[in-house]
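Have a look at the structure below before the remarks.
The values are calculated or read from the model by the stated rules, or taken from the named source; none is laboratory data. Predicted, not measured: the structure shown is a model, and the values here were computed from it. Positions of Cβ are backbone-derived with ideal geometry, glycine not excepted, and every protein chain shown enters the neighbour counts. Ligands, DNA and RNA are excluded from the accessible area calculation, which covers all protein heavy atoms including side chains. Shrake-Rupley method; radii C 1.70, N 1.55, O 1.52, S 1.80 Å.
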Amino acid sequence: MNASGEGLRIGALMTLAELAANAEVKRQYPELAAALGEAASPQIRNLATLGGNLCQRPRCWYFRSGHGLLAKGPDGKSLVPTGENRYHAILGNEGPAYFVSPSTIAPVLIAYQAKVRLLGPQGARELPLDKFFVVPQGDQEREHDLKPNEIVTDILIPPAANVHAGHYEVRQKEAFDWPYATAAVVLTMGGKTVQNARVVLGHVAPVPWLSAEAAQALAGKTITPEKRRPRRLGAVARPGAWTQRSKNPARAVAVKRAILKAEV
């Protein structure tokens with residue numbers, strides 16, 4: 001890992017535990033350190049790498065049971081909309097993908113405007129981390145923008161001076177559990193007024209969901225107790241093709257509490 005005036009460069013093979021305990025990460029990107037420290041379990045954090053976390057495959061039970069990334073039945077139709085879908089996407093779910101992006105670290109990194117560096121036979125390339133995640137449109141496509149024989153080598157995070165950040169995970173239990181919904185918020189403030197906002201939702205869409213609607217709803221606003229209510233924050237994102245009612249409140253709660261943390 002290398003820290004400089006241009007931000008932080010993190011090698012893809014650093015473990016989540018190493019990063020969560022790193023003094024520079026805690027100082028410059030406290031919400032990233034917090035998210036790293038809450039990921040999975042202590043045993044997993046001591047072995048799991050940042051690159052592995054970003055490249056992990058979906059936890060969709062149809063995919064894990066051999067129905068493919070797009071979860072199709074024998075008739076070629078998706079099993080998700082009419083099947084057991086309480087943990088599936090509620091945003092960006094017009095099809096054909098209905099799984100949710102599984103990384104709890106990616107939304108925080110995207111909120112901090114991180115980039116990913118890739119290396120392959122054609123050389124090195126960089127792209128914004130939110131562009132690394134893609135929605136597959138066919139059975140032969142993957143959920144990451146990795147070309148054949150490419151690997152993730154580094155994560156690059158720009159300086160985060162003069163910003164307020166927060167993240168929140170809605171889980172069924174505090175112990176080792178996968179989130180129901182997450183939100184990461186980075187606010188650039190002018191006094192008590194939001195000058196610029198980045199709001200990223202996790203576990204609600206096939207990709208980490210960078211919500212331009214939520215950012216627009218917050219920009220130029222003075223956050224007061226009355227405006228902190230989820231329904232007063234404006235549209236978090238456009239509704240999906242179908243939604244599970246139980247997951248929509250979790251999304252709103254995650255956004256609200258991430259904003260409250262960012263204001264502290």
message: Run the numbers for N149 and A161: contour at 0.36 nm per residue of separation, minus the present Cα-Cα distance, in nm.
response: 0.7 nm
- prompt: Counting Lys +1, Arg +1, Asp -1, Glu -1, what net charge surrounds P107 among other residues with beta carbon under 11 Å of its beta carbon?
  reply: -2
task: Take every Cα-Cα distance within segment 49-145, group them into 10 Å bins from 0 onward, and report for each bin the whole-number percent of pairs it holds.
output: 14, 44, 29, 12, 1
Amide H contacts under 5 Å for H144, placed H, 5+ residues apart: V134
message: Students often check this: by mean Cβ neighbours within 10 Å, which of 65-71, 15-21 ranks highest, and how do the rest follow?
response: 15-21, 65-71
- line: For the Q140, K221 Cβ pair and Förster radius 45 Å, calculated FRET efficiency rounded to 0.05 is 0.50
- prompt: For the chain, which whole-number percentage of the solvent-accessible area (1.4 Å probe, protein heavy atoms only) is attributable to carbon and sulfur atoms?
  reply: 52 percent
query: Can you tell me the accessible area per residue over the chain, all protein chains present, probe 1.4 angstrom, in square angstrom?
result: 49 Å²
message: Residue by residue through segment 85-95, what is 3J(HN,Hα) from phi via Karplus (6.51 cos²θ - 1.76 cosθ + 1.60, θ = phi - 60°)? Round to whole Hz and write x for glycine and proline.
response: 9, 5, 10, 9, 5, 10, 10, x, 10, 6, x
query: Non-local amide H neighbours of C60 (under 5 Å, H modeled in plane, Pro and chain starts lacking H): which ones?
result: V100
- request: Evaluate the charge dipole of the chain about its Cα centre and quote only its size in Debye, nearest 20, assuming +1 on the Cβ of each Lys and Arg and -1 on the Cβ of each Asp and Glu.
  value: 860 debye
